[in-house]
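Working notes, beginning with the structure itself.
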C-alpha cells in the first residue's frame with residue numbers, strides 16, 4: 001500500500017554537485033556505441049568498459065561482448081580496450097593478430113602512461129601510488145619493463161620502500177585515489193627522496209578531485225551519506241572513505257535503490273547523495289524516486305563546480 005504523502009516522515013536530501021559520469025567514462029561508452037553503429041554486432045570489449053554493471057548490461061543488450069582477455073576475441077571482429085587502460089602488450093598482441101582495435105583509455109590515464117614511459121626513458125625508477133590489482137594500476141605498470149616500477153599503496157609503504165641503489169626516482173599516481181591520502185604518501189616520498197621527479201600536473205583526475213570536494217562539503221552536514229557506485233569502482237570507494245573521514249561515519253556504497261539499507265536512512269534526518277564517476281544519472285534518479293516513495297523530501301543541491309571537459313573520440317570513429 002502506498003503511504004499517504006501527509007504521513008511520510010520528512011527528510012532533507014543534500015545532492016552533491018558534481019556527481020556521476022566524468023568525461024573519460026562518457027567517452028568510453030560513446031566509443032562502444034559508435035563502434036556498434038559503424039561496424040555492426042558483435043563488438044568485443046576487453047574487460048568492463050567502465051566499472052558499472054548497469055552500463056555494461058545496457059551495452060550487452062546492444063551487441064557488445066565483454067571478455068577478460070584478448071585470446072577470447074575471434075579474428076576479424078573489432079575489439080575495444082577499457083577506460084582503465086591496458087599494458088603495452090595488449091595492443092601489441094592485437095596488432096600481431098591483425099585485429100581492428102580501438103583504445104577507450106581515458107586520456108587522463110594515458111597521460112600517466114606517457115609520464116611513466118618518459119621517466120623510464122630518463123633512467124628513473126618509478127614509484128606508482130595506487131591499489132594493487134586495479135585495472136588502471138595493471139595497465140600503468142605494463143607501460144614499462146618488469147622491475148622498472150614499484151607499487152606504493154600506503155604511507156607505510158612509502159616509509160619502507162627501498163628503491164634500487166644509485167637510481168634516479170620519479171612517482172606517478174593512479175587517477176582515482178583519495179586526494180588527501182595520496183598527498184600524505186607523496187609528502188613521505190618527498191621527505192625521503194628530495195630529488196624525486198613529480199608529474200608536471202597532478203595525476204589525480206579533475207572528476208575525482210571535484211567529487212571528493214563536494215562530499216567533503218556535504219558530509220559534516222548529514223547523518224548518512226549514500227554513494228552510488230560499483231564495489232570494484234575505485235573512485236566510488238574513495239568517496240565513501242572521504243565521507244567517513246569528513247565526520248560522516250554512516251557513509252555507504254550502494255549500486256542502486258535495491259541496495260539501500262533503510263535502517264541507516266530511516267534514522268537520519270539529513271541524507272547526502274552522490275555518485276561515482278562511472279555511475280549514470282539515471283541511477284541517481286532511481287535512488288531519489290525510491291526515497292520519495294518513503295519520505296517527504298526537501299532536496300537541496302550542494303556545490304557549484306561546473307564541469308565542461310570533453311574528450312575527442314578516436315579518429316576511426318570521428319568520420320574524418
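The values are calculated or read from the model by the stated rules, or taken from the named source; none is laboratory data. As the structure is a computational prediction, the values presented were derived from the model and not from experiment. Glycine also receives a Cβ, built like all others from the backbone with ideal geometry; neighbour counts cover every protein chain displayed.
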Name every residue in region 114-141 that is out of contact with any strand residue (DSSP E or B) (no Cβ under 9 Å at 6 or more places or on another chain) and crowded, with 16+ Cβ neighbours inside 10 Å, in order of residue number.
134, 135, 136, 138
Conditions (1) in the same structural domain as residue 52 (by TED's automatic domain parsing); (2) in contact (Cβ under 8 Å) with a residue 60 or more places away in the chain; (3) over 23 Å from residue 29 (Cβ atoms): number failed by residue 71
(2)
Can you tell me which residue is farthest from residue 235 (Cα to Cα) among those in region 89-104 that are touching a strand residue (DSSP E or B) at 6+ places or on another chain (Cβ under 6 Å) and not in a helix (DSSP H, G or I)?
99
If we ask which residues in region 106-138 are more than 14 Å from the chain's Cα centre (by Cα), touching a residue at least 40 places away in the same chain (Cβ under 8 Å) and farther than 22 Å from residue 29 by Cβ, their number turns out to be 11
If you take the residues of region 283-305 that are in contact (Cβ under 8 Å) with a residue 60 or more places away in the chain and closer than 30 Å to residue 32 by Cα, which of them is surrounded by the fewest Cβ atoms within 10 Å (Cβ to Cβ)?
305
Of the residues that sit in region 157-180 and are surrounded by fewer than 19 Cβ atoms within 10 Å (Cβ to Cβ) and touching a helix residue (DSSP H, G or I) at 6+ places or on another chain (Cβ under 9 Å), which one is nearest to residue 204 (Cα to Cα)?
179
Residues of region 245-282 being free of Cβ contacts under 8 Å to residues at least 12 places away in the same chain and either crowded, with 17+ Cβ neighbours inside 10 Å or under 20 Å from residue 179 (Cα atoms) (or both), in sequence order, are 249
